[in-house]
Each structure stands twice: as C-alpha cells, then as structure tokens.
Amino acid sequence: MPRTVAEGPGTRYAIWVQGCTLRCPGCFNPHLWTSRGGTLRRPADLVAEATAAGAEGITVLGGEPLDQPRATAALVRRARAAGLSTVVFTGHTLEELQARGAPGVAEVLAATDLLVDGPYRAELPDRARPWLGSTNQRFHFLTDRYGPPDVVAPDRVEVRVAADGAVELNGWADEELLELLAGDVGRRARG
C-alpha cells in the first residue's frame, strides 16, 4: 500500500525500510525489525514510482530509516530533486541524531521537510495528533514546506480488502474501531 493519505500531509508514497535496532515494545511493525528480508530497491525507481502515483511526496518509515542513513539520504535527496516533499519517521530524537554524527545523518536531515522523531511508547498513546503513536513523539519542520497547520488533520485509517479476502490496514485507529472494521470486513468476506 505505497500510495497513502495516512502517513503524512497530502497524498504520500510510503516507503517502509527493513531493519530496526530500537525495537520499541508494542511496535506496529515488528516484522520490520530484522535486517533480513525486504527487497533491495534503487532510490531512482522509488522516486519514479512516487511521481507516477501522483504523490505529493514520500514518507520514509520502518523499521528505522536512520539505521541505514546513507541509503535514506540518497532516497530523500533524489525525491527532493524531483520536486517531491519528504517526511521521515525515526525512533531517535533529533538531538540524538545531531550528536551522533554518523555518515549520512546530516544529509538525511538536510533533505527532509518534516521529521517525526522519538521512540514509540505504548504507555503514552497519542489520540490527538495525526500520524503519531505516542505523546513523546515530535514534529520538526526542517523547511518551510510544512508547518503546524499541516498536522492538524484527523488521523486516517485506510482499509483495503483484496479479492482473496486479505485485509490491509494502514494508519492509526483506536482498538474499538479496528475491532468494528475487522468484524465488518469479516462479514463482507463471508457473505
């Protein structure tokens, strides 16, 4: 489900990276923790797909994009050069990234319009702000492309049901809504 309205402002092309050393308890994507798996992709191909999909920009999430900063830097630089906006989600704080000095990190930050930082904390659910999982996470507007008015939209949940009955959910919703959706999808798939 790469084309989405649930992973940042406007219509996005979401790119989930494989591998995460943070492994936040309660993470939504534990299947992305291991560095094994995934599909190697060229940044140029991903940017071409995002452009062809009519996306306003790309959102890079994971896994942990800053566990592979050089590859993430190449991707966000290429997207920016193509006129796409860039949003990066990371479990690291901006201050940690700036202090780290690892090759590629400064380049990621320089080519990112909106950085969402902070580890997911299951005990601090955030139901007020879009796209965030926990209240400790922060928005950093690193360019003037986006600002506070762009992050007041309500959360969105995308539900896609394939012809074979497989269900994909993307976004954030409260557990009652997810259970309601699962029940309704199950009834439709059976009937």
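The values are calculated or read from the model by the stated rules, or taken from the named source; none is laboratory data. The model shown is predicted, which means the values in this text are computed figures rather than measured ones. Cβ: placed from backbone, ideal geometry, glycine included. Neighbour counts: every protein chain shown. In case anyone asks, the SASA skips ligands and DNA or RNA and just uses the protein heavy atoms, side chains included. Shrake-Rupley method; radii C 1.70, N 1.55, O 1.52, S 1.80 Å.
Kindly indicate the residue of the stretch 96-111 that is hydrophobic (A, V, I, L, M, F, W, C) and within 15 Å of Val60 (Cα to Cα) and also surrounded by the fewest Cβ atoms within 10 Å (Cβ to Cβ) among those meeting that condition. Show your work before the answer.
So in the stretch 96-111, the residues hydrophobic (A, V, I, L, M, F, W, C) come out as 97, 99, 102, 105-106, 108-111.
If we keep only those that are within 15 Å of Val60 (Cα to Cα) as well, we get 105, 108-111.
Values: Val105: 21, Val108: 28, Leu109: 20, Ala110: 13, Ala111: 21.
Going through the qualifying residues, I end up with Ala110.
Here is a check on your reading of the model: is Ala71 among the small types (Gly, Ala, Ser), touching a helix residue (DSSP H, G or I) at 6+ places or on another chain (Cβ under 8 Å) and in a helix (DSSP H, G or I)? When the stated conditions are applied, Ala71 passes them.
This table checks each residue for (1) of a type in the set (D, E, K, R); (2) surrounded by 19 or more Cβ atoms within 10 Å (Cβ to Cβ); (3) under 22 Å from Trp131 (Cβ atoms); (4) at pLDDT 95 or above.
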site: Pro2; (1), (2), (3), (4): no, no, yes, no
site: Val5; (1), (2), (3), (4): no, no, yes, no
site: Gly8; (1), (2), (3), (4): no, yes, yes, no
site: Thr11; (1), (2), (3), (4): no, no, yes, no
site: Gln18; (1), (2), (3), (4): no, yes, yes, no
site: Pro30; (1), (2), (3), (4): no, no, yes, no
site: Val47; (1), (2), (3), (4): no, yes, yes, yes
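Based on what the data block shows, is Val152 of a type in the set (Val, Ile, Thr) and surrounded by 15 or more Cβ atoms within 10 Å (Cβ to Cβ)? Judged against the criteria, Val152 is not a match. Do we have any residue at all in the stretch 114-122 that's modelled with pLDDT of 95 or more, among the acidic types (Asp, Glu) and more than 16 Å from the chain's Cα centre (by Cα)? No - not one qualifying residue is present in the stretch 114-122. Consider Ala52 carefully, then state whether it is crowded, with 22+ Cβ neighbours inside 10 Å and hydrophobic (A, V, I, L, M, F, W, C). Judged against the criteria, Ala52 is not a match.
Could you tell me whether the stretch 14-34 includes any residue that is assigned to a helix (DSSP H, G or I), small (Gly, Ala, Ser) and closer than 24 Å to Arg145 by Cα? Working first, answer last.
Restricting attention to the stretch 14-34, the residues satisfying the condition of being assigned to a helix (DSSP H, G or I) are 30-32.
Pick out the ones that are also small (Gly, Ala, Ser) and you get none.
No, there is no match, as no residue in the stretch 14-34 is assigned to a helix (DSSP H, G or I), small (Gly, Ala, Ser) and closer than 24 Å to Arg145 by Cα.
Every condition in (1) within 22 Å of Gln18 (Cα to Cα); (2) open to solvent by 60 Å² or more (accessible area, probe 1.4 Å); (3) at pLDDT 80 or above is met by Glu168 except one, and the failing one is (3).
The rows are residues; the columns are (1) surrounded by fewer than 15 Cβ atoms within 10 Å (Cβ to Cβ); (2) of a type in the set (Asp, Glu); (3) out of contact with any Gly (no Cβ under 7 Å at 6 or more places or on another chain).
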site	(1), (2), (3)
Gly37	yes, no, yes
Arg42	yes, no, yes
Glu56	no, yes, no
Leu61	no, no, yes
Val88	no, no, yes
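Screening the stretch 121-131 for residues that are touching a residue at least 24 places away in the same chain (Cβ under 8 Å) and open to solvent by less than 40 Å² (accessible area, probe 1.4 Å) and picking the one that is farthest from Leu22 (Cα to Cα) gives Pro130.
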